[in-house]
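Notes to accompany the following structure.
The values are calculated or read from the model by the stated rules, or taken from the named source; none is laboratory data. All figures in this text were calculated on a predicted structure; none of them were measured in a lab. With ideal geometry, Cβ positions are generated from the backbone for all residues, glycine too; neighbour counts draw on all protein chains shown. Only protein heavy atoms, including side chains, enter the accessible area calculation; ligands, DNA and RNA are left aside. Shrake-Rupley method; radii C 1.70, N 1.55, O 1.52, S 1.80 Å.
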Amino acid sequence: MNNKPRKKALITGVTGQDGSYLAELLLAKGYEVHGIIRRASTFNTSRIDHIYQDPHERGVRLKLHYGDLADASMLNRLMRMIRPDEIYHLGAQSHVKVSFEIPEYTGDVTGLGTTRIIEAIRDAGLDDTRFYQASSSEMFGKVLETPQSEKTPFYPRSPYGAAKVYAFWMAVNAREAYGMHASNGILFNHESPRRGETFLSRKVTRGVARILAGLDEKLFLGNLDAKRDWGYAPEYCEAMWLMLQQPKSDDYVIATSETHTVREFVQEAFGLVGLDWKKYVEIDPHYFRPTEVDILRGDYSKAKKILGWSPKTTFKELVRIMLEADLEKVGLDASKFMGWSKGKPRKRQ
C-alpha cells in the first residue's frame with residue numbers, strides 16, 4: 001500500500017479557463033487541490049462545479065478559499081495553513097482592453113499580486129515550494145523580432161502587458177535572489193469553450209452560434225488584421241505542470257509557432273456553418289485598442305527540447321471545438337450544422 005502523502009497544489013484564478021483545466025489535470029494526477037476565489041455577490045464557479053461537487057469522489061480533493069490578490073495578510077495565512085508543494089499563480093485582471101480603463105487596479109492585482117504571493121511563500125518558510133507565474137505573450141507587445149522566444153526583449157503595449165512584465169521579473173528575482181523554484185510560462189493565446197465571452201475568440205464562436213439561432217443579427221469586432229498565435233488551453237495547462245516537475249526552474253514560451261489573423265478566425269468560424277462572414281460582421285472602433293499589438297508568434301522549441309511539450313490541436317480543430325460547444329449552448333445540434341460524423345471522438349471541453 002502506498003502511504004505517500006498526496007501533493008498539495010494551490011491555484012489562484014481557479015475559476016477561470018486555465019484554472020479549471022489545471023484543477024482537473026492535477027486531480028487526475030492525485031493531487032489535493034486548493035483554489036482561491038474572490039467573495040462576490042454571485043457565484044462564479046461554473047467552470048469547476050463539476051469537479052467541486054462530484055458525488056463520486058471519495059473525500060473532497062478540491063478545496064476553495066475566499067481571498068484576493070490585493071490582500072497580503074490573507075495570502076500569508078493561506079500559505080501557512082495549506083503549505084502547498086506547488087503554487088500556480090494564474091489569477092489576474094487579464095483583459096487587455098479593460099486594462100486601459102482600469103490601469104491602476106490592473107497593476108495592483110496583475111503586477112503586485114505576484115509580489116504578494118512570493119513574499120507570502122518566503123514569510124511562511126516554504127523553501128521547497130515550487131512556484132509558477134503565468135506570464136503572457138502580451139509582454140512582447142510591439143515585437144522586436146518574430147518569432148518571439150525566451151530571449152526576445154519585452155515591449156508591452158498595454159497596462160496589462162506592463163503589469164505582466166513586472167510580475168515576470170519579480171519571479172526571476174525570487175529565483176535568483178532567494179533560490180526559489182520559480183518558473184515563468186510565457187503563454188501565447190490559448191482558447192477553449194471555457195474562454196470568457198468577452199475575449200475575441202469566444203466572442204466570435206458565440207456570435208456565430210447566436211446568429212445561426214436567430215438571437216443576433218450582427219457581430220461587432222475591432223481590428224481584423226491583428227495576428228495571433230492560437231492554441232488549445234488544456235494542452236497549455238499541461239505545460240504549466242511540466243515546468244514545475246523539472247529539477248531546475250526556468251522560463252518557457254508555450255505557443256504553436258503559427259500565426260493567423262483575426263479575419264482568418266472569423267472566416268473559419270462562419271465557414272464551418274456555411275455563412276458568409278462579410279454579411280454579419282461589422283467593425284466597431286470601440287473595440288480597437290489605444291496601442292495595438294500587430295503580430296504574435298511564439299517559438300516553443302525550448303519547451304519541446306526540455307519539457308517534451310508540443311501543441312497537438314490545430315488552428316482549424318480549435319475553432320471547430322469552440323464553435324461546436326457554443327452551438328450546443330444555444331440549443332442547436334452541432335452535428336447538423338457542422339457535419340460531425342457519428343462516433344467521431346471529440347476533445348474535452
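Just a few scattered comments:
- Only one entry of A209, A226, A174 meets the criterion of being more than 20 Å from the chain's Cα centre (by Cα) and over 18 Å from S135 (Cβ atoms), and that entry is A209.
- Taking region 1-96 as the region of interest, none of the helices (runs of 4 or more DSSP H) fully inside it holds 3 or more residues being hydroxyl-bearing (S, T, Y) and modelled with pLDDT under 95.
- Residue selected from region 82-119 under the condition within 18 Å of the chain's Cα centre (by Cα) and β-branched (V, I, T), by the criterion nearest to A23 (Cα to Cα): I87
- Residue ranges of helices (runs of 4 or more DSSP H) in region 278-349 with at least 3 members at pLDDT 95 or above and open to solvent by 50 Å² or more (accessible area, probe 1.4 Å): 301-306, 315-329
- When region 212-246 is filtered for residues that are open to solvent by 20 Å² or more (accessible area, probe 1.4 Å), in contact with a Gly (Cβ under 9 Å, 6 or more places away or on another chain) and outside any strand (DSSP E or B), the ones remaining, listed by number, are A213, D216, K218, L242.
- Checked against the criterion of being over 24 Å from P311 (Cα atoms), modelled with pLDDT of 95 or more and exposed (fewer than 15 other Cβ atoms within 10 Å of the Cβ), the candidates A177, A209, A171 yield just one match: A177.
- Selection status of A226, modelled with pLDDT of 95 or more and hydrophobic (A, V, I, L, M, F, W, C): no
- Here Y132 meets each of (1) closer than 22 Å to Q245 by Cα; (2) aromatic (F, W, Y); (3) open to solvent by 10 Å² or more (accessible area, probe 1.4 Å) with one exception, condition (3).
- For region 97-118, the set of residues classified as open to solvent by less than 20 Å² (accessible area, probe 1.4 Å) and assigned to a loop (DSSP other than H, G, I, E, B) is empty.
- Residues that are part of a helix (DSSP H, G or I) and under 27 Å from A134 (Cα atoms) within region 252-263 comprise just one, V262.
- Per-region count, region 98-152, residues of a type in the set (K, R) and touching a strand residue (DSSP E or B) at 6+ places or on another chain (Cβ under 7 Å): 1
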